[in-house]
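What follows is a short report on a single structure.
The values are calculated or read from the model by the stated rules, or taken from the named source; none is laboratory data. Please read all numbers here as calculations on a predicted model, not as lab measurements. No Cβ is skipped: glycine too gets one built from the backbone with ideal geometry, and neighbour counts run over all protein chains shown.
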Amino acid sequence: MPKTLPTVAEFLAGLPNHRRITMTTLHTAIRKAVPKLAPFMTSGMGPSPLIGYGKYHYKSASGREGDWFTIGLVAGKSGYALHVCVGGEGGYLVEQNAAKLGQVKTGRSCINFKKLEDLNIAATMALVKQAAKSGGINAVG
């Protein structure tokens, strides 16, 4: 039987204080930057549940298709991750803007950081706004 996910408020309230502060700060910033992207809880990546913002339907070159979040926020075991699942002909937005995002590690669509001070929040929220306009993975993937 599938595990019932908490609400966003329950999830945030259940985090240890220092992690709750970071996650709540980012959740609030994302909601302010892209209020039209409805937040929801999902368990799509790894053992930790994540907060997703906005959904889009994808279809890969292999024919696989499904629904995914546009933005995802995760409190991992040793840090945090912000997934910006948007790309186009030039590549993924995170890859294209990695140098602006602070003292973070990036992947194609993921920004990993240990503490909030390492993340350039202004540049990251500009990327989140750009992602919301695009609506999900386009020509990438």
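Details
- Pair list, Cβ < 7 Å and 6+ apart or interchain, from segment 1-25 residues that are within 17 Å of residue 39 (Cα to Cα) to residues that are hydroxyl-bearing (Ser, Thr, Tyr) and assigned to a helix (DSSP H, G or I): 12/24
Results for (1) assigned to a loop (DSSP other than H, G, I, E, B); (2) crowded, with 17+ Cβ neighbours inside 10 Å; (3) modelled with pLDDT of 90 or more, shown as yes or no for each residue.
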residue: 78; (1), (2), (3): yes, no, no
residue: 99; (1), (2), (3): no, no, yes
residue: 112; (1), (2), (3): no, yes, yes
residue: 124; (1), (2), (3): no, yes, yes
residue: 129; (1), (2), (3): no, no, yes
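- Residue 54 meets the conditions (1) farther than 19 Å from residue 129 by Cβ; (2) assigned to a strand (DSSP E or B); (3) of a type in the set (Gly, Ala, Ser) in every case but one. The failed one is (1).
- Residue check for residue 72: out of contact with any Pro (no Cβ under 9 Å at 6 or more places or on another chain), buried (at least 18 other Cβ atoms within 10 Å of the Cβ), of a type outside the set (S, T, N, Q) and in a strand (DSSP E or B): yes
- Residue in segment 31-51 that is surrounded by the most Cβ atoms within 10 Å (Cβ to Cβ), counting only those that are over 22 Å from residue 130 (Cβ atoms) and in contact with a helix residue (DSSP H, G or I) (Cβ under 7 Å, 6 or more places away or on another chain): 49
- Qualifying residue in segment 5-24 (condition: charged (D, E, K, R), surrounded by 12 or more Cβ atoms within 10 Å (Cβ to Cβ) and not in a loop (DSSP other than H, G, I, E, B)): yes
- If you go through segment 8-32 and keep only what is hydrophobic (A, V, I, L, M, F, W, C) and either within 13 Å of the chain's Cα centre (by Cα) or closer than 18 Å to residue 66 by Cβ (or both), you end up with 23, 26, 29, 30.
- Segment 80-92, subset under 16 Å from the mean Cα position of the chain (by Cα) and free of Cβ contacts under 8 Å to residues at least 40 places away in the same chain, residue surrounded by the most Cβ atoms within 10 Å (Cβ to Cβ): 83
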